[in-house]
1. Can you pull the one-decimal nm distance between simple spin-label points at LEU173 and GLN19, each 7 Å off the Cα toward Cβ?
2. Could you tell me what percent of the DSSP beta bridges with both partners in region 3-176 are antiparallel, to the nearest 5?
3. Using the Cα gyration tensor of the chain, with a ≥ b ≥ c the square roots of its eigenvalues, what is the shape: rounded (a/c below 1.5), prolate (a/b larger than b/c) or oblate (neither)?
4. For labels at SER153 and ARG93 in the simple 7 Å Cα→Cβ model, what's the distance in nm?
5. Report the extension gain between SER42 and LYS164 in nm, rounded to one decimal, defined as 0.36 nm multiplied by the number of residues separating them, less their alpha carbon distance.
6. Can you give me the relative contact order of the chain as a percent, contacts being Cα pairs under 8 Å and 6 or more apart?
7. Report, in debye and to the nearest 20, how large the dipole of the chain comes out about its Cα centre when Lys and Arg carry +1 and Asp and Glu carry -1 on their Cβ.
8. Over the chain, with a Gaussian network built from C-alpha contacts below 10 Å, which listed residue (ARG111, ARG25, ARG159) shows the highest mean-square fluctuation?
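Bear in mind these aren't lab numbers, they're just calculated from the coordinates by the rules spelled out. Here the structure is a predicted model, which is why all the values come from computation and not from measurement. No Cβ is skipped: glycine too gets one built from the backbone with ideal geometry, and neighbour counts run over all protein chains shown.
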Amino acid sequence: MKEAEVSLRIAHHYIISKQTINDVRVSLDGAQIKTGDSMNFSISDFMNEIGAVQDIIETCWQGRYSIPGYKAGIIIHSHPGEGDINIKLVTGRTLFIECKGFSIEGDKGSREYSRMREAIGQLLTCTTYSELIDYAVGVPDSKKSREKANEWSKLHQIRSNRIKFFLVNRNGLLTII
């Protein structure tokens, strides 16, 4: 599952579960979408799948997407330094999520360990830190990512920094550890 899909599925989940009434900001860099002539992830196909419509266009894939029946939309941008997902929750707290993607279809070279550690490192070294912000790592749901999330969520340094693990499957189901 690509990083862009992980990010967009988490954003969609928070909107349709009405845990936010504010637009969800999702940062994607251009290489996640396309490199040269090679399409890595089709934003338009994915947004069509979830029923989202681009109503403010910044580029062919950046801008605001609305989901019929919901006040909140998804703003896709590529501004570095803002994290992968920023969500202002109805509770008043902010959720800051670093996402990673990797293949989960029987790939011999499992990337879960290194990609999850990379996301943890990004969270621990970000300059945006506050008692009002909750932090999470978002990754595809796989046997190995689930094992690592369960193991690492018990570590003092993860608990003391309030880092959660969001495991995302292709059906949009989100498991929080």
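1. 1.6 nm
2. The antiparallel fraction comes to roughly 55 percent.
3. oblate
4. Label at SER153, label at ARG93, 1.4 nm between them.
5. Working: separation 122, 0.36 × 122 = 43.92 nm, distance 2.80 nm.
The SER42-LYS164 span can extend by a further 41.1 nm.
6. Computed value for the chain: 22 percent relative contact order.
7. Dipole size: approximately 640 debye.
8. Greatest mean-square fluctuation among the candidates belongs to ARG159.
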